[in-house]
Structures are given as structure tokens and as C-alpha cells.
Amino acid sequence: MLKLGFLASHTGSNMQAIIDACQAGTLAAEPRVVISNNSQSGALARTRQANIAAYHLSERTHGTALGAAILAAMQRHEVEVICLAGYMKKLGTEVLTAYEGRILNIHPALLPKFGGQGMYGMRVHEAVLAAGERESGATVHLVDEEYDQGRVLVQEKVPVKAEDTPETLQKRVLAAEHRLYAATLARIAAGEIPIPLPRSRA
């Protein structure tokens, strides 16, 4: 069973899709802990309902020691893979170093297009439509020091329709995100997508 930790800032719908897959038995993984920088986030509310350990850790609560606090919580719950689910903050060097190659994010476009700082949420879909793209989609990638620059693991394409608005495109891309994130983790758990899991993993 892959041991998962989550970082989320808002609703946590991608996190919920992964939790649902775990509960349904389609993903051989166990959600261990959820951390949010937003004490009122929907992600924390979802987590408490699922009886998963939940923490509000932010610069307000920990200042410059935030990175160390996040790392300590992940290690305390024996997390093997960290999943970003709408987490709006950059990770510090402590977490990036300790979990190098084991931090995943999902982006609502086909990277490297429409990525980078400031490209999140509805802004991405507005940019896709403004550029006249014929397709968009979702990308699961590894996380490094730069926004949306880590190695791409898997993508799912979504056609852009002539009548699309940012809202309608977002809805279809989000459905793809929910499918793709859990499916990618299932492939990691099965060893189909290699990442550097701890050697002591049972």
C-alpha cells in the first residue's frame, strides 16, 4: 500500500477523487495525512470527515519554520509520496530534498503549455481559449523548485469545443484530472511508473 500525504489550499476535489479510489479498492494506497495552509479550506473539512489526520500549517502558524513543520508531519505519518492538490504555495527546500522525485502535482493544461507562476485555476482555461487551442487537458508531473517545470509523468487530452467558455472547459478538464491523478498513482503503486520509493518500504 502506497502511503500518501496531501498538500491542499482550497476545495481538495482532486484529493477527494484519490481518497475515493483508495476506498473503492482501485488504488492500492492509504491516505495518511492532509496539510493545508488555509484553516478554512474544504480540503481539511473533507479530511476530517474521512478520519484522516489533518493539519493547518502555514507561514502564519510557523513562519520561516514552515518547511520543517511540513516535513516533520509527513515523516511522522510515514508518507512515501506527497500529492499536491491545489496547493498554492511553493515548497521549501526541506520537503523538496527529502521527497525528491516523490512529490506529484496535477495541472489543468497540457504542460509545458500554460504553466508557470500565476497560471492556475480559471486563468489557465481563459488562456487556453484566448490562444485558440484545439485541445487542452490535464498533466501529472513531478514537483521541483520551479512552478510546473518538473518531469511530466502522464497527460490526458481534452478537446476544446467551439462553444466552450472557461467554465465549461474547466468542468471537462477537472473530470479528466480526477481520473488521471488516481490512475497515475495506481500505476506508481503497481511499479509501472518508477519513482524512488524508500528502500525500507514493505
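The values are calculated or read from the model by the stated rules, or taken from the named source; none is laboratory data. Not measured: the values here are computed from a predicted model. A quick note on method: Cβ atoms are made from the backbone with ideal geometry, for glycine too, and the neighbour counts reach across all protein chains shown.
Among the residues of segment 1-60, what is the count of those that are of a type in the set (S, T, N, Q) and assigned to a strand (DSSP E or B)?
So the first thing to find is which residues in segment 1-60 are of a type in the set (S, T, N, Q), and the list is 9, 11, 13-14, 16, 23, 26, 36-41, 47, 49, 51, 58.
Subset that is assigned to a strand (DSSP E or B): 36.
Residues in segment 1-60 being of a type in the set (S, T, N, Q) and assigned to a strand (DSSP E or B): 1 in total.
Let me confirm something: among 104, 142, which residue is surrounded by fewer than 21 Cβ atoms within 10 Å (Cβ to Cβ), closer than 22 Å to residue 178 by Cβ and touching a residue at least 24 places away in the same chain (Cβ under 8 Å)?
Sole residue among the options that is surrounded by fewer than 21 Cβ atoms within 10 Å (Cβ to Cβ), closer than 22 Å to residue 178 by Cβ and touching a residue at least 24 places away in the same chain (Cβ under 8 Å): 142.
For segment 40-87, name all the residues that are among the charged types (D, E, K, R) and farther than 25 Å from residue 140 by Cα.
Correct list: 48, 59, 60, 76.
State whether one or more residues within segment 103-125 are touching a helix residue (DSSP H, G or I) at 6+ places or on another chain (Cβ under 6 Å) and under 26 Å from residue 23 (Cβ atoms).
yes
Mind listing just one residue for me: the one in segment 120-140 that is touching a strand residue (DSSP E or B) at 6+ places or on another chain (Cβ under 8 Å) and of a type in the set (A, V, I, L, M, F, W, C) and, of those, nearest to residue 165 (Cα to Cα)?
Restricting to residues being touching a strand residue (DSSP E or B) at 6+ places or on another chain (Cβ under 8 Å) and of a type in the set (A, V, I, L, M, F, W, C), the top hit is 128.
Only one of 132, 118 is part of a loop (DSSP other than H, G, I, E, B), at pLDDT below 95 and more than 25 Å from residue 74 (Cα to Cα). Can you tell me which? I'd like the intermediate steps shown before the answer.
Values: 132 fails: at pLDDT below 95.
Step by step, each of 132, 118 is checked, and only 118 is part of a loop (DSSP other than H, G, I, E, B), at pLDDT below 95 and more than 25 Å from residue 74 (Cα to Cα).
Could you look through segment 1-17, keep only residues that are surrounded by fewer than 24 Cβ atoms within 10 Å (Cβ to Cβ) and hydrophobic (A, V, I, L, M, F, W, C), and pick out the one that is nearest to residue 105 (Cα to Cα)?
It comes out as 17.
Looking only at residues in segment 61-86 that are part of a loop (DSSP other than H, G, I, E, B) and at pLDDT 95 or above, which one is surrounded by the most Cβ atoms within 10 Å (Cβ to Cβ)?
Among them, the one singled out is 79.
Step by step: first the residues of segment 152-165, then only those that are out of contact with any Lys or Arg (no Cβ under 9 Å at 6 or more places or on another chain) and in contact (Cβ under 8 Å) with a residue 24 or more places away in the chain, then the one that is farthest from residue 23 (Cα to Cα). Which residue is that?
As a first pass, look at segment 152-165 and keep what is out of contact with any Lys or Arg (no Cβ under 9 Å at 6 or more places or on another chain): 152, 155, 157, 162-163, 165.
Keeping just the survivors that are in contact (Cβ under 8 Å) with a residue 24 or more places away in the chain gives 152, 155, 157, 165.
Details: 152: 27, 155: 24, 157: 27, 165: 34 Å.
Out of the qualifying residues, it is 165.
Which members of segment 19-43 meet the condition of being within 20 Å of residue 75 (Cβ to Cβ) and in contact with a His (Cβ under 9 Å, 6 or more places away or on another chain)?
32, 33, 35, 36, 37 - these are the residues of segment 19-43 that are within 20 Å of residue 75 (Cβ to Cβ) and in contact with a His (Cβ under 9 Å, 6 or more places away or on another chain).
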